[in-house]
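Enquirer: Quick one: this structure, given as structure tokens, is what I'll be asking you about.
Taken together, the values in this text are just the output of simple stated rules run on the coordinates, not laboratory data. Owing to the predicted nature of the structure, the values given are computational and were not obtained by experimental measurement. Note that each Cβ is placed from the backbone with ideal geometry, even for glycine, and that neighbours are counted across all protein chains shown.
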């Protein structure tokens, strides 16, 4: 497995007290250093090209982000730039593309440890701490090189509105998201299933606040069946860890072991399909939980596929059942597996 990261991700600074703070990059740096000490391979990211960005974002948005270079700008109530942010956002998007390329070229998993996150950034605007949509840029790059089926699975606690809208009318990307609902950014209802040729290829699983490891395991076992029916040529994971019980921004109750189980389920599905995996970090704002969850993800991905208990100690709460009922009502005409 290859880790892609850089100490430069700390150069994107946010106002004091902002949850998406440079200290998150320090967590990634320590993880990458420990990975190297164990003999693992790491790579520095390269910046995304304008051509790569324009597959997802319109020219006006790319130009606006470039115009912030060297300046501190408030883009919305949550989203800010600092003098280095444009260059760092290019590195984050480029790292995502690199991870996808490495996975496709070598059939080896790649994990991009980046900030700022990306899944809220829409075609024409930055929002939700995100400047460019890193995982969408990576998915579009994979399609540009000839893939016809890419799956993006978003395990962040927030719905990835930007990722959804990027491919809402396309069957080339199956976008799957589990997220607290209702919650920021307000999108992600089960009935949002795509449009036109893309109908059925947006797969939202909205979960009520308080969902546990057991709820998530039940949901991801169902998602694994859909992934196998879709049979993607590449699995991209938007690796947000803010559904963790210790995270300050949300109200879910997922443990570190629960996140490991999610990754284990997705890894198992990818292995059965025979498709490579690339991961890109999104949210995760408690530093200790972020570190623990990324390390747990690495342990699952570099292991032999065994050793993570899928069943949690708590019984499956009605949250998972209600979420899956809503999904089946919206998606059963598209997916036999659900």
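Enquirer: Efficiency by 1/(1 + (r/R0)^6): what FRET value for residue 271 and residue 336, r their Cβ-Cβ distance, R0 = 35 Å, to the nearest 0.05?
Expert: Approximately 0.95, to the nearest 0.05.
Enquirer: Quick one: which of 319-326, 237-244, 81-88, 199-206 comes out on top by average Cβ neighbours within 10 Å, and what's the full order, highest first?
Expert: Going by the mean number of other Cβ atoms within 10 Å, highest first, we get 237-244, 199-206, 81-88, 319-326.
Enquirer: Follow-up question, since we're still on this one. Based only on the alpha carbon positions, what is the Kirkwood hydrodynamic radius of the stretch 108-234, in angstrom?
Expert: One over the average 1/r among Cα pairs gives 14.9 Å for the stretch 108-234.
Enquirer: From the Cα gyration tensor of the stretch 37-177, with a ≥ b ≥ c the square roots of its eigenvalues, which class applies: rounded if a/c is under 1.5, or else prolate if a/b is larger than b/c, or else oblate?
Expert: Judged from the Cα gyration tensor, the stretch 37-177 comes out oblate (a/c at least 1.5, b/c at or above a/b).
Enquirer: Treat each spin label as a single point 7 Å out from the Cα along the C-beta direction, and report the residue 23 to residue 197 distance in nm.
Expert: Placing both labels 7 Å along Cα→Cβ, they lie 4.8 nm apart.
Enquirer: Between residue 257 and residue 321, what's the calculated FRET efficiency when r is the beta-carbon distance and R0 is 22 Å? Round to 0.05.
Expert: Using R0 = 22 Å, I get an efficiency of 0.50.
Enquirer: Roughly what % antiparallel, to the nearest 5, for the DSSP beta bridges in the chain?
Expert: 10 percent
Enquirer: Points 7 angstrom from Cα along the Cβ direction at residue 72 and residue 229: gap in nanometres?
Expert: That separation, rounded to one decimal, is 5.1 nm.
Enquirer: Let me ask another. Would you mind classifying the stretch 1-107 by shape? Square roots of the alpha carbon gyration tensor eigenvalues, ordered a ≥ b ≥ c; an a/c under 1.5 is rounded, otherwise it is prolate if a/b is larger than b/c and oblate if not.
Expert: Verdict is oblate for the stretch 1-107.
Enquirer: For the stretch 2-331, calculate the relative contact order in percent as a whole number, restricting contacts to Cα pairs under 8 Å that are 6 or more residues apart.
Expert: Averaging sequence separation for qualifying contacts and normalising by length gives 17 percent for the stretch 2-331.
Enquirer: Under 10 Å, Cα contacts only: if you run a Gaussian network model on the chain, which one of 58, 156, 213 comes out with the highest mean-square fluctuation?
Expert: Top of the fluctuation ranking is 58.
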